[in-house]
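**Q** Take a look at this one; I'll ask things after.
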Amino acid sequence: MHYGEIKKCDIANGEGVRVSLFVSGCTHHCPGCFNQETWNFGYGTEYTDETEREIMEALSPGYINGLSLLGGEPFEPQNQKALVQLLRKVREQYPQKTVWCYSGYLFDRELLSESRARCEYTDEMLSMIDVLVDGRFVEKLKDIRLVFRGSSNQRVIDVKKSLKSGEVVLWESKIRRGI
């Protein structure tokens, strides 16, 4: 797996202050994508054990609320093995921190059902994610007023509640916003 960037103090891609990993590789190719260079699976830097250590260290301060996975596409089958290994370590070392993931794949129709995204790691990966922002970016539905998503078709899903209930449960912020 390759990655385009690691942001160690990100406030745009999930609630609170986060460490964000932008993985490389995406087959959705959404028109208007903000990160088109990461469509290429070979873009950026090779993800190594050293990269993983860097992320784990960046997660250590108390003010860091968690990890966000973006792309590219974290749920491309080529990316899932490395991300599952990272998430296992995050869950073990930082169980109080949240994991957010952004995916063009739909939670209920593509990640939980037979699709190109499904592989041997998909269910385990989903089990370690707290919030999933799903759905492809649609340029004509872009709205800069939306919180944590780029277009109005995308959903911010509480993964744990959704897996438990068997239906999509939208995430609700615990932080009151003055909007």
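The values are calculated or read from the model by the stated rules, or taken from the named source; none is laboratory data. Quick caveat, the model's predicted, so the values are computed rather than measured. In this analysis, Cβ positions are derived from the backbone assuming ideal geometry, glycine residues included, and neighbour counts consider all displayed protein chains.
**Q** Run down Leu132, Leu69 and say which single residue is closer than 25 Å to Thr38 by Cα, within 13 Å of the chain's Cα centre (by Cα), outside any helix (DSSP H, G or I) and without any contact (Cβ under 8 Å) to a residue 40 or more places away in the chain. First the steps, then the outcome.
**A** On the way: Leu69 fails: without any contact (Cβ under 8 Å) to a residue 40 or more places away in the chain.
Just one listed residue meets the conditions, Leu132.
Table: residues versus (1) more than 17 Å from the chain's Cα centre (by Cα); (2) surrounded by fewer than 21 Cβ atoms within 10 Å (Cβ to Cβ).
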residue	(1), (2)
Ser20	no, no
Val23	no, no
Gly32	yes, yes
Asn35	no, yes
Phe41	no, yes
Ser60	yes, yes
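**Q** Taking the criterion of being modelled with pLDDT of 95 or more and closer than 21 Å to Asp130 by Cβ, would at least one residue in the range 34-41 satisfy it?
**A** no
**Q** Output the residues belonging to the range 20-66 that are closer than 21 Å to Cys9 by Cα, in a loop (DSSP other than H, G, I, E, B) and in contact with a His (Cβ under 7 Å, 6 or more places away or on another chain).
**A** Ser24, Gly44, Tyr47
**Q** Name the one entry in Thr38, Thr45, Thr51, Thr27 that is under 25 Å from Pro95 (Cβ atoms) and among the β-branched types (Val, Ile, Thr). Break it down stepwise before answering.
**A** Numbers: Thr38 fails: under 25 Å from Pro95 (Cβ atoms); Thr45 fails: under 25 Å from Pro95 (Cβ atoms); Thr27 fails: under 25 Å from Pro95 (Cβ atoms).
None of the other options fit; the residue is Thr51.
**Q** Still on this structure, please answer the following. Can you tell me how many residues within the range 92-129 are under 18 Å from Pro61 (Cα atoms), part of a helix (DSSP H, G or I) and touching a helix residue (DSSP H, G or I) at 6+ places or on another chain (Cβ under 9 Å)?
**A** 1
**Q** Restricting attention to the range 142-179, which residues are loosely packed, with under 14 Cβ neighbours inside 10 Å and assigned to a helix (DSSP H, G or I)?
**A** Lys164, Ser165
**Q** Against the condition surrounded by fewer than 18 Cβ atoms within 10 Å (Cβ to Cβ), assigned to a loop (DSSP other than H, G, I, E, B) and touching a residue at least 40 places away in the same chain (Cβ under 8 Å), how does Phe137 come out, does it pass?
**A** Values: surrounded by fewer than 18 Cβ atoms within 10 Å (Cβ to Cβ): no; assigned to a loop (DSSP other than H, G, I, E, B): yes; touching a residue at least 40 places away in the same chain (Cβ under 8 Å): yes.
So Phe137 fails the test.
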